[in-house]
Amino acid sequence: MPKLSYTKALNKALTDEMERDPAVFVLGEDIKFALNNVTTGLLDRFGPQRVLETPLSEQGFTNFATGAAMAGRRPVVEYQIPFLLLLVLEQIANQANKFALMSGGQVAVPVTYLLPGTGWRPGWGAQHSDQPYSVFAHLGVKTVIPATPTDAYGLFTTAIRDDDPVVVFCPMPALGIREEVSYVDLVPVPLGVGRVCRPGTDVTVVAIGHLVHEALAVADELSGELSVEVFDPRTLYPFDWAGLAASLERTGRLVVFDDSNRHCGIGAEILATAAEEMPLIAPPKRVTRPDGAVVVGCSPELDRAVQPTRPQLLAAIQAVTKPR
């Protein structure tokens, strides 16, 4: 079977959907150059009417996408850097995401907002290294974060077909991951359905995005000592609370591994809901970036210090599983 990279999976999903549905088109800055490799080959294949190069005005082309969706098209908007979403938060959360309800269901706004490289990489600096997915989940915007190439294909495909706005976060450290997979096995993945990546009986680790792979490595390291279940929610809003509850029925212990800031992050919501509604036999823990963490770029050592790590996860697992 061929090896499928995460980025190639995004490119294939977008290509397949543009071939399947003539209403689908893609727009963004520098997409004709395919800087993130997601739009590679699309301009030659579909032409400038469906691969639209935009001016440097995120507010302008984000609102353009809303209008196009209301008129019956299915735009996919690519943003080069995650902080650009903060420039268009009003357009997405307060306009596109509310219009179906404000119109009494008369108008759908099927826009997909694609972030093909979020989070930290060395030297990118404070304004390029955020993970603002918790903000969109808090505001009720459908929010997905695939961890694998298969899920990148499946969740991106579903997002494009969805009649509501969907934000797709693609973590920078996941982009180089490859899987052996037959293309005929690539299928849409429903939103709101998590995945148990590794079954276990002693503790559940909910890992977000690329941290799924770090959690699996820690679970392997502990395999002779503890049975660690790794749960990938895949969709942060809607969240698969039933899937998490089923996992905690088996383990009774919870650690959340989340690459966003601790205060008001998605990790806090997962812990709070589990504590309120699910059977825990030990206080849960989370491993995140620190409160108010800012990646500065000029100090690689400081940047690495605010990233959630395997040793931190290992310590959290051992803390929730130690005899009381």
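No lab work stands behind these numbers, since they all come straight from the coordinates. Since this is a predicted model, take the numbers as computed values, not measurements. Glycine gets a Cβ as well: all are built from the backbone with ideal geometry, and neighbour counts include every protein chain shown.
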Helix axis angle, 149-161 relative to the chain longest principal axis, alpha carbon, degrees: 50
When the range 32-84 is reduced to its Cα atoms, the Kirkwood hydrodynamic radius in Å: 12.1
Additional length obtainable on full extension of the chain from Phe33 to Leu86, 0.36 nm per residue less Cα span: 16.7 nm
Alpha carbon convex hull of the range 1-65, projected area averaged over orientations, nm²: 4.9
Amide H contacts under 5 Å for Cys170, placed H, 5+ residues apart: Leu115, Gly117, Thr118
Asp185 versus Asp291: modelled label distance in nm, points set 7 Å from Cα along the beta carbon direction: 4.6
Cβ-placed point charges (K, R +1; D, E -1), dipole of the range 1-157 about Cα centre in debye, nearest 20: 280
Neighbour net charge for Phe231 - beta-carbon separation under 10 angstrom, K R +1, D E -1: 0
Magnitude of the charge dipole, the range 209-303, Cβ model with Lys/Arg +1 and Asp/Glu -1, debye to 20: 200
J(HN,Hα) series, the range 22-30, from Karplus relation 6.51 cos²θ - 1.76 cosθ + 1.60, nearest Hz, glycine and proline x: x, 6, 7, 9, 10, 9, x, 8, 6
Fraction of alpha-carbon pairs over 15 Å apart in the range 197-246 - percent: 41
Answer label, with Rg/Rh (Cα atoms, Kirkwood Rh) calculated from the coordinates and candidates [x] 1.10; [y] 0.97; [z] 1.00: [y]
Most mobile listed residue (Val166, Val77, Val107) in the chain, GNM with C-alpha springs under 10 Å: Val107
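Beyond 28 Å, what percent of the Cα pairs of the range 1-148 remain?
18
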The range 152-243 shape via C-alpha gyration tensor axes, a/c threshold 1.5: prolate
Spatial extent of the range 69-206: Rg and Dmax, with the Cα atoms as the point set, Å: 16.1, 51
Cα-only radius of gyration and Dmax that characterise the range 275-314, units Å: 14.4, 44
Stokes-Einstein diffusion coefficient of the range 207-320, Kirkwood radius over Cα pairs, 20 °C, 1.002 mPa s, in µm²/s: 146
Mean separation of Cα contacts under 8 Å, 6 or more apart, over the residue count of the range 212-324: relative contact order %: 26
Nearest 10 degrees, 0 to 90: helix 310-321 Cα axis against the chain principal axis: 50
Difference of contour (0.36 nm per residue) and Cα-Cα distance, Ser223 to Ser57: 54.7 nm
Highest-MSF residue in the chain out of Gln106, Gln59, Gln131 [GNM, Cα springs under 10 Å]: Gln106
Percent of beta bridges antiparallel (DSSP, the chain, rounded to nearest 5): 20
Degrees separating the helix 211-221 axis from the principal Cα axis of the chain, which is the longest one: 30
Peptides 240-252, 139-151 ordered by average Cβ neighbours within 10 Å, highest first: 139-151, 240-252
The chain: Lys pairs at Cα distance under 26 angstrom, eight or more positions apart or on different chains: 9
Summed residue charge, Cβ within 9 Å of Arg195's Cβ, Lys/Arg positive, Asp/Glu negative: -2
